[in-house]
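Here's the structure we're looking at; comments come further down.
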Amino acid sequence: MNVAESEVQMALDGLKHHTLIIESYGASGRVMRYAHNLGKVLNVSQAVSALLAALMLRGPQTPGELRTGCDRMYRFADISSVEAYLEEIAARSAGALAVKLSKQPGSREHRWAHLLCGPVDVQAYAAASVEDEGVTTGELSTLKSHVAQLRDDVGELRALVERLYQELGVKR
């Protein structure tokens, strides 16, 4: 990712405007440093901040994926504790921060998405997951040609094995 210094400064200014970051100086006092302030702004725990960070960075995830993805920021005791935090932030009286999505075809668990950028179009998400499972016409024709080639190869190998059996006098 190539970003100009001016673009970085604009992003930092936007975060400062919403008090999502706080300026500080490094140990030497020469370099400006920034600390996140999400937990205080949203009035959430460190565990919830970790869940939201993982959802923002990696998109919708299952509780198991979130537990693994948050491990360096916050260590959850088990998946049920992750689910409890997710249920809590989905039902917050101050406004939901996450939403439980429908199961994707073939998956065992529901995925969760953050609501920090506005509502998630659940129908579009479901449709996108179904489309991802589909095979295009080009892929289908390629697969058919590969299967035909493999059948030919297997036929040749069978003929070779039969000939070798005959030459060696091996009975089948």
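The values are calculated or read from the model by the stated rules, or taken from the named source; none is laboratory data. These figures come from a predicted structure and were not determined experimentally. Using ideal geometry, Cβ is built from the backbone for each residue, glycine included, and neighbour counts are taken over all protein chains shown.
Does any residue in segment 108-121 that is without any contact (Cβ under 8 Å) to a residue 60 or more places away in the chain come within less than 6 Å, Cβ to Cβ, of a residue that is part of a loop (DSSP other than H, G, I, E, B) and basic (Lys, Arg) six or more places away or on a different chain, and which pairs are these?
If the second residue must be part of a loop (DSSP other than H, G, I, E, B) and basic (Lys, Arg), the pairs left are HIS110/LYS103.
Which is in contact (Cβ under 8 Å) with a residue 60 or more places away in the chain and either under 21 Å from PRO119 (Cβ atoms) or in contact with a strand residue (DSSP E or B) (Cβ under 7 Å, 6 or more places away or on another chain) (or both), of LEU52, LEU15, LEU101, LEU86?
Details: LEU15 fails: in contact (Cβ under 8 Å) with a residue 60 or more places away in the chain; LEU101 fails: in contact (Cβ under 8 Å) with a residue 60 or more places away in the chain; LEU86 fails: in contact (Cβ under 8 Å) with a residue 60 or more places away in the chain.
Step by step, each of LEU52, LEU15, LEU101, LEU86 is checked, and only LEU52 is in contact (Cβ under 8 Å) with a residue 60 or more places away in the chain and either under 21 Å from PRO119 (Cβ atoms) or in contact with a strand residue (DSSP E or B) (Cβ under 7 Å, 6 or more places away or on another chain) (or both).
Within segment 23-49, how many residues turn out to be within 28 Å of the chain's Cα centre (by Cα) and not polar (S, T, N, Q)?
11
With respect to the numbered conditions (1) in a loop (DSSP other than H, G, I, E, B); (2) among the β-branched types (Val, Ile, Thr); (3) in the same structural domain as LEU115 (by TED's automatic domain parsing), which one is the sole condition not fulfilled by VAL48?
Only one criterion is unmet by VAL48, namely (1).
Regarding segment 25-44, can at least one residue be identified that is among the polar types (S, T, N, Q), surrounded by fewer than 20 Cβ atoms within 10 Å (Cβ to Cβ) and in contact with a Ser or Thr (Cβ under 7 Å, 6 or more places away or on another chain)?
The answer is yes; a qualifying residue exists.
Out of segment 57-97, which residues are in a helix (DSSP H, G or I), exposed (fewer than 13 other Cβ atoms within 10 Å of the Cβ) and among the hydrophobic types (A, V, I, L, M, F, W, C)?
LEU57 - this is the single residue of segment 57-97 that is in a helix (DSSP H, G or I), exposed (fewer than 13 other Cβ atoms within 10 Å of the Cβ) and among the hydrophobic types (A, V, I, L, M, F, W, C).
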